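Let me begin by presenting the structure, written as C-alpha cells, before commenting on it.
A short reminder: the numbers here are calculations on the coordinates, not readings from a lab. In this text the structure is predicted, and so the values were computed from the model without any measurement. Positions of Cβ are generated from backbone atoms using ideal geometry, with glycine treated the same way; all protein chains shown enter the neighbour counts.
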Amino acid sequence: MFEDIPVDVSPMYEGERIRAANMFVELAGPKSIGAELVQVKEDVEDGKIEVVGPNIDEMKEGKIYPFGILVEIKGEKLEKELEGVIERKMHELCNYVKGFMHLNQRDQIWCRISKETKEAGFKLEDLGKALSALYKEEFPIIESMSIRILTEKSEVESFIETARSQYEQRDARSRELSEEDVDVFYGCVMCQSFAPTHVCVVTPDRTALCGAINWFDCRAAAKMDPDGPIFEIEKGAVIDDVKGEYENVNAAVAEKSQGTFDRVYLHSVFGHPHTSCGCFEAVAFYIPELDGIGIVDRDFKGETPLGIPFSAMAGQCSGGKQIEGFAGLSLEYMRSPKFLQADGGYERIIWLPKDIKSSLEGFIPEDLMDKIPTDEDANSIKEIRKFLQDAEHPIMERLKETESDKAESPEIEEEGEEMEKVGMEGVPVAPVAQVPELTVPTSGGVRIIFKNAKIYAEKVIIKKK
Ligand code: SF4
C-alpha cells in the first residue's frame, strides 16, 4: 500500500520521538503557527494532493516552518458531525510515518521531520499519500479525499482563521445542551496507546480535554463505529449532580481503565478528578497556600504560581493518571456553566494566563472578571494574595474561614505530634508544596516515587544566589 513512499508507514512508529539532535525541520509548534482541519464536502477530487509553499527538500536544516493540513472528504454516509473525530485521528495516523512526529491537535499542532526521513527523499506529498490511504482504511465510509498541505506563511495564516471559525462553530453547537438534557454520555479511549488507563468522559458540558471532540462528535462517531474507541455510556443513576458523579460513568471508567479507577468526578479537581492523558489544552491545579485553583494552558511559557511551567506540570499529571488537585481540561469546558462547579467554579479560580482570560470574556461571571489576576498582575503566592485582597475576590472570605478553622483544628496538633515522633519538637507546620508525583533518584538501580506528596517544612529559608 505504501510502496511509493520512501519510508515505512506502520503503527509501530507511533510513539517515536524526534529529539532536536535528530530533527531536520520543525513544522508549526509553539515557535510558529499551524492548524489541521477536516471538512466534509460535496465536491472532492479523489486522490488530489497539493503542497503550497516550500517542500522538505527546499527547507533549511534546523529551521521552523508554518504548517497547515486541510483534508476534504466526501462519502454518502459521512456526516458533518464526524469531522471532529476524523480530524482527531490525524495525530495517530501521521505518527505511523517513520520519522514524522505529530503532537496535539487543531491549531496547537507541532510536528517534526527527522534527518533520516529527509535523507530518504521524503516529501510532503508522501505525507498526503500516507494519510489518504490510512484514512480510507480506517474509515471505509470515506469515498473521496483530497489533501492540501501548506507551508507558505500567508497561506497558513488565512487557513488558521478558517480553521478557527470551524472549531468555534463545532464548539458553540455543544453549548446548546447540558448534561440534564441527554440520557447518554460518551467515553473515548483513543489516547490509550500512550496513556493506557486514560478514559475521557464526554458530556454536553464537558468537551474532551483535547478540546477536539465534543458530545455531538462522539454521538456521530459511536453511531458510525459502535465497536470503535468512542462508545456510549448510558447516563443512568446520578450519584452527585454537583460533583458530576454517575454510576454508569464510574462503571465504564473502571472497565476501560482495567480496574485502575472506579470513581470519577466530572466537575471537580478534588477527590476523584477526571484522568489526564497528555493532550489536554490546559491544566487546573490547586494552590494550597490560597485554597484556590489556577489554570495554565499549553501556550503559556512562563512559570505558574507553583513554580513550574506547563510542560513540567503536564509531565507530572499526564499518562492516564488521576491526581487529586490536578485535572487536564479543554478550554471549551471553561465556557460551561458546570465548569468545576463542585469546587466553586470561577469563585475558586485565582490565577490564569491573560490570553485565556481574554478568550473567556462573557463566560467568566462579570463581577469576577476584574478580581481574578493573570500573569500580568501577579505570579508569586504573595503577589496573588495581595491582588486577591485588594480586588476583594470571594476566595479571601473562604481563606479566612479555612485559616481560622485550621487554627482551631486538632489536625495541626496531630501533625505536630506526628512530627515530634521524628524529632521536630511538635512545631506546627504548614504545607509548602504539593506535587502529584516526585521521583527521588537513588543508587543501585532503584527509584523512589512519592505520589501526591505534601511537603512540610519547619522553616523555609529563601536565599539569593
Ligand atoms: S483526549 Fe480524550 S477525547 Fe481526545 S482523543 Fe484522547 S481519549 Fe479521545
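Structure notes:
- Dipole axis of region 11-174 (+1 Lys, Arg; -1 Asp, Glu on Cβ), positive-most option in A21, I147, Q108: A21
- Radius of gyration and Dmax over the Cα atoms of the chain, both given in Å: 23.9, 78
- Restricting region 8-110 to GluC sites (Glu not before Pro) that sit in a DSSP loop and have at most 13 other Cβ atoms within 10 Å of their own Cβ leaves E42, E45, E61, E76.
- Fewest-first ordering of F300, F67 by other beta carbons within 10 Å of each residue's beta carbon gives F300, F67.
- Computed about its Cα centre, the charge dipole of the chain is approximately 1560 debye, with only Lys, Arg, Asp and Glu carrying charge at their Cβ.
- Within straight-line cross-link reach of K382, aspartates and glutamates at Cα separation under 20 Å, skipping those fewer than 8 residues along the same chain: E289, D291, E303, E347, D370, D390, E392, E397, E401, E403, E458
- For region 179-377, a Kirkwood hydrodynamic radius built from all Cα pairs, placed in the Stokes-Einstein relation at 37 °C and 0.692 mPa s, yields a translational diffusion coefficient of 195 µm²/s.
- Within region 58-156, the percentage of alpha carbon pairs spaced more than 21 angstrom apart rounds to 33%.
- The chain: angle of helix 215-224 to the longest principal axis, Cα-based, in degrees nearest 10: 50 degrees
- Dipole magnitude for region 11-174: about 600 debye, using +1 per Lys or Arg Cβ and -1 per Asp or Glu Cβ, origin at the Cα centre.
- DSSP beta bridges in the chain [antiparallel fraction, %, rounded to 5]: 75 percent
- Distance violations [Cα-Cα > 30 Å] among K80/K129; K243/K371; K123/K354; K243/K400; K89/K256; K31/K243: K123/K354; K31/K243
- Its Cα centre serving as origin, region 88-154 has a Cβ charge dipole (Lys and Arg +1, Asp and Glu -1) of approximately 200 debye.
- Only Cα sites of region 1-131 enter the Debye sum here, all with the same form factor; the resulting log10 I(q)/I(0) across q = 0.15, 0.20, 0.22 1/Å is -0.70, -1.25, -1.48, listed in q order.
- Which of S32, S158 has the fewest Cβ neighbours within 10 Å, and the rest in rising order: S158, S32
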